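The values are calculated or read from the model by the stated rules, or taken from the named source; none is laboratory data. Note that the structure is a prediction, hence the values are computed from the model and not measured. Note: ideal-geometry Cβ built from the backbone for every residue, glycine included; neighbour counts use all protein chains shown. Quick note on the areas: whole protein, heavy atoms, side chains included, nothing else; ligands and nucleic acids left out. Shrake-Rupley method; radii C 1.70, N 1.55, O 1.52, S 1.80 Å.
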Amino acid sequence: MSKRLYGIRGAVCCANTKEDILKAVDKMCSSLFSSNKLSCDDIVSIQFTITDDLDALNPAAALRRSSCGHLVCKTALFCSAEPKIQGSLQNVIRVLITAYMDFDSNPVHVYIGGAEVLRPDFATAKPEK
């Protein structure tokens, strides 16, 4: 079966501590990788954004240290600041994974830990176990 490039999205809210950022990134990315059946050869790049109130740990560094870090050892990771928009949700880490998946795939997006309010349509999708 042929493959095509997909954008897979996710977001998680967390406290501004190294431990909480590491735990939140690990949980979100583990769920994204398993739900979408991604292997290290599928992933092209991973881009994070963070709100300005999270400065204890870079989420890209957190992912490399996480339990699923072995999947991204050769992957380009990038992190930037989320635009500051009045009234926007705080304490948020967002991610965009660019990866090859089977042509007829339906990517599973993961919004957890309070970030469900950002995309209720994605948050209602049940990730695979």
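What the table shows:
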| quantity | calculated |
| --- | --- |
| Count of the range 1-35 residues which are part of a loop (DSSP other than H, G, I, E, B) and surrounded by 23 or more Cβ atoms within 10 Å (Cβ to Cβ) | 1 |
| Every residue from the range 62-96 that is more than 21 Å from ASP20 (Cα to Cα) and in a strand (DSSP E or B) | ALA76 |
| Qualifying residue in the range 43-58 (condition: within 19 Å of GLU116 (Cα to Cα), out of contact with any strand residue (DSSP E or B) (no Cβ under 7 Å at 6 or more places or on another chain), aliphatic (A, V, I, L, M) and open to solvent by 10 Å² or more (accessible area, probe 1.4 Å)) | no |
| Contacts under 7 angstrom Cβ, first residue in the range 56-67 being modelled with pLDDT under 95, partner outside any loop (DSSP other than H, G, I, E, B) and among the small types (Gly, Ala, Ser), 6 or more apart | SER67/SER30 |
| Test: residue in the range 79-98 that is at pLDDT 95 or above, buried (at least 16 other Cβ atoms within 10 Å of the Cβ), farther than 18 Å from VAL12 by Cβ and touching a strand residue (DSSP E or B) at 6+ places or on another chain (Cβ under 9 Å) | yes |
| Cβ-Cβ under 6 Å pairs, at least 6 apart or on other chains, the range 82-93 side in contact (Cβ under 8 Å) with a residue 12 or more places away in the chain, far side of a type in the set (Lys, Arg) and assigned to a loop (DSSP other than H, G, I, E, B) | none |
| Condition check for PRO107: open to solvent by less than 60 Å² (accessible area, probe 1.4 Å) and part of a loop (DSSP other than H, G, I, E, B) | yes |
